[in-house]
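Colleague: Structure incoming, see below.
The values are calculated or read from the model by the stated rules, or taken from the named source; none is laboratory data. Quick caveat, the model's predicted, so the values are computed rather than measured. All Cβ positions, even for glycine, are placed from backbone atoms using ideal geometry, and neighbour counts span all protein chains on display.
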């Protein structure tokens, strides 16, 4: 599967999806209607040392999900198509991506280089499978922002695809909005990433970007 997250091209300082154990609190200093979240404290649950050690071992041990990520290791050539608004004509460009598993096969690091509106674009992602959450999680940073985008989701074996969701904040108006990425495995040498976000004028969700990737080696 594709391990990088080019969603940062959507011009947002991004945050992970809202945790059900969190509650929204409006901040006086933030541009309306932006919100921040304050996690509710949970009571500490004591466990014996053997139980704790077993849980941490299971949490830290790479398994089949991490092996699935590793299948995308290597160099990839990308063809990117972007739509700046729902009705805008597409813009195309070429890109390069290199994936490699790190920290004993627990995470996949992806380095991305390309072109965005005639300017050099560079970004990096870390993708993982969280053994406790039973979810794929990703973070993304690039040279066109100062935030860190966080997303998470599930793998669907039937469609050979993964859907990741998260939230971003538009720095122009302070509005938090939903983002969605869909990773599709065509075959071992071809993958597709689709990005969905809001139209800048209406806020309506649409496909903002598609990257077709071909393995180089």
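Colleague: For segment 174-202, which residues satisfy the criterion of being loosely packed, with under 13 Cβ neighbours inside 10 Å and farther than 17 Å from residue 74 by Cα?
Modeller: The answer is 201, 202.
Colleague: Could you check residue 87 against (1) outside any strand (DSSP E or B); (2) in contact with a helix residue (DSSP H, G or I) (Cβ under 8 Å, 6 or more places away or on another chain) and say which number it fails?
Modeller: (2)
Colleague: Spot the failing condition for residue 133; the list is (1) in contact with a strand residue (DSSP E or B) (Cβ under 6 Å, 6 or more places away or on another chain); (2) at pLDDT 95 or above; (3) in a loop (DSSP other than H, G, I, E, B), and only one is missed.
Modeller: (1)
Colleague: Just checking, which of 66, 109 is modelled with pLDDT of 95 or more and part of a strand (DSSP E or B)? Show your work before the answer.
Modeller: On the way: 66 fails: part of a strand (DSSP E or B).
Going through 66, 109 in turn, just one is modelled with pLDDT of 95 or more and part of a strand (DSSP E or B): 109.
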